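> Before anything else, here's the structure in question.
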Amino acid sequence: MNTQLLYGDIGGTKTVLQLAEVAEGGIRECCTKRYDSAAFATFSDVLRDFLGQTTTHPPAAACFAVAGPIAAQQATLTNLPWQISSANIAQEFSIAAVKLINDFEAVALAIDSLPTSDLITLQTGNPHAHAIRVVLGAGTGMGVAWLPCIDGRYHALPTEAGHIDFAPLTPLQTGLLEWLQQRFGHVSVERLLSGSGLTNIFKFLQTQAATPDLPVIELEEDSGAAVTELAQTGNHPAALQALELFAEIYGAYAGNLALAGLCRGGVYVAGGIAPKMIDTLRAGGFMRAFRAKGRFSALLHEIPVHVVVNPAPGLLGAQQEAWHLLQSSGKKP
């Protein structure tokens, strides 16, 4: 019987679980299922459904990338009322080794394994070997992880940097901040750089529209995909402007992180939104805002910037961590 690994990417919108077999030839993916997270009351309900359909015996090790902070191997999702504990999962499903990691920690762990075809380069820069990297990405929320190189290998450090304050740079952005403050009080970066953030930007711009005869489009709270479609297929002026403003704010924030970590190893833009608006990111606004750091503009020109277009880097990172977990537990195939 081959040894089985279980791993997954658990987010506020979707949960993707995968089962793989480990043999002498390496890791062979067996089954992958995607679930609508909001359709289940608990993560255990999702996991019970998946294991019931895919295997008859407990996997040897499991790792789950979770969209939220993790403390003492327990997590509460930022955008979903699920509470997850590695110890509870191990006991309930008889899995010997279970680990929770932050979702962007998982994305960061996958960077070294991505082929060049999974990266779109916005700036080649002048990368320094073994220098720190940063991975960030807008999706349901905003995730950030640092990648320092320690003893010749990159290690992922999760953060909650998506919840730091939004800093406006133009009069329009200042107006956007004030509009959001009226709604939310504190305005974090995630209030703008996420699916709901893109929706917020679009709603604000509709209040500023230069063509008042244009009918107002009412959208649900998290309608980033709808805004993108309005821009790309409908040429809606507020939607087009929303994508451009989103890219500028995204670039400025990525540049701030690059400075904060002195990330000469590169900046990697992941998450579900960036690949869907790659033309906007390539148009120039993102990189202009990224480099616009006054006396440190020259330094920002030297830092490589890549967009991750692999659709499931978090799953790949969770797989790698499940494999390391299996190795450290001594249960080699």
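The values are calculated or read from the model by the stated rules, or taken from the named source; none is laboratory data. Being a predicted model, the structure only gives us computed values, none of them experimental. Here the Cβ is made from the backbone with ideal geometry for all residues, glycine too, and neighbour counts use every protein chain on show. To get the accessible areas, we keep the full protein, side chains included, count just its heavy atoms, and leave off ligands, DNA and RNA. Shrake-Rupley method; radii C 1.70, N 1.55, O 1.52, S 1.80 Å.
> How many residues does the range 34-49 hold that are without any contact (Cβ under 8 Å) to a residue 24 or more places away in the chain and under 19 Å from the mean Cα position of the chain (by Cα)?
3
> Taking the condition open to solvent by 70 Å² or more (accessible area, probe 1.4 Å), within 23 Å of Tyr253 (Cα to Cα), of a type outside the set (A, V, I, L, M) and touching a residue at least 40 places away in the same chain (Cβ under 8 Å), does Glu160 pass? Give the derivation first.
Details: open to solvent by 70 Å² or more (accessible area, probe 1.4 Å): yes; within 23 Å of Tyr253 (Cα to Cα): yes; of a type outside the set (A, V, I, L, M): yes; touching a residue at least 40 places away in the same chain (Cβ under 8 Å): yes.
Considered against the rule, which asks whether it is open to solvent by 70 Å² or more (accessible area, probe 1.4 Å), within 23 Å of Tyr253 (Cα to Cα), of a type outside the set (A, V, I, L, M) and touching a residue at least 40 places away in the same chain (Cβ under 8 Å), Glu160 comes out as yes.
> Just give me the residues in the range 2-28 being over 21 Å from the mean Cα position of the chain (by Cα) and assigned to a loop (DSSP other than H, G, I, E, B), in sequence order.
Residues satisfying the conditions are Asn2, Glu24, Gly25.
> On the basis of being within 21 Å of Gly224 (Cβ to Cβ), open to solvent by 10 Å² or more (accessible area, probe 1.4 Å) and not aromatic (Phe, Trp, Tyr), does Gly294 make the cut?
Considered against the rule, which asks whether it is within 21 Å of Gly224 (Cβ to Cβ), open to solvent by 10 Å² or more (accessible area, probe 1.4 Å) and not aromatic (Phe, Trp, Tyr), Gly294 comes out as no.
> Would you confirm, using the coordinates I've provided, whether Leu281 is closer than 17 Å to Val135 by Cα, touching a residue at least 40 places away in the same chain (Cβ under 8 Å), surrounded by fewer than 20 Cβ atoms within 10 Å (Cβ to Cβ) and not acidic (Asp, Glu)?
No; evaluated as a whole, the condition is false for this residue.
> Which members of the range 69-99 meet the condition of being among the hydroxyl-bearing types (Ser, Thr, Tyr) and at negative phi?
The answer is Thr76, Thr78, Ser85, Ser86.
> Only residues that are polar (S, T, N, Q) and assigned to a strand (DSSP E or B): list them for the range 114-165, please. Quick ask: steps written out before the conclusion?
At the first step, the residues of the range 114-165 found to be polar (S, T, N, Q) are 116-117, 121, 123-124, 126, 140, 159.
Within the range 114-165, Thr121, Gln123 qualify.
> Here is a further query. Has the range 96-113 got any residue that is in a loop (DSSP other than H, G, I, E, B), farther than 30 Å from Leu281 by Cα, modelled with pLDDT under 95 and under 20 Å from the mean Cα position of the chain (by Cα)?
No: the range 96-113 contains no residue that is in a loop (DSSP other than H, G, I, E, B), farther than 30 Å from Leu281 by Cα, modelled with pLDDT under 95 and under 20 Å from the mean Cα position of the chain (by Cα).
One line per residue, one yes/no per condition, for (1) part of a helix (DSSP H, G or I); (2) open to solvent by less than 20 Å² (accessible area, probe 1.4 Å); (3) at pLDDT below 95:
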| residue | (1), (2), (3) |
| --- | --- |
| Glu221 | no, no, yes |
| Leu243 | yes, yes, no |
| Gly251 | yes, yes, no |
| Pro311 | no, no, yes |
| Gln327 | yes, no, yes |
| Pro333 | no, no, yes |
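> Still on this structure, please answer the following. Could you list, in sequence order, all residues of the range 17-50 that are touching an Asp or Glu at 6+ places or on another chain (Cβ under 9 Å) and surrounded by 20 or more Cβ atoms within 10 Å (Cβ to Cβ)?
Selection gives Leu17, Gln18, Leu19, Ala20, Leu47.
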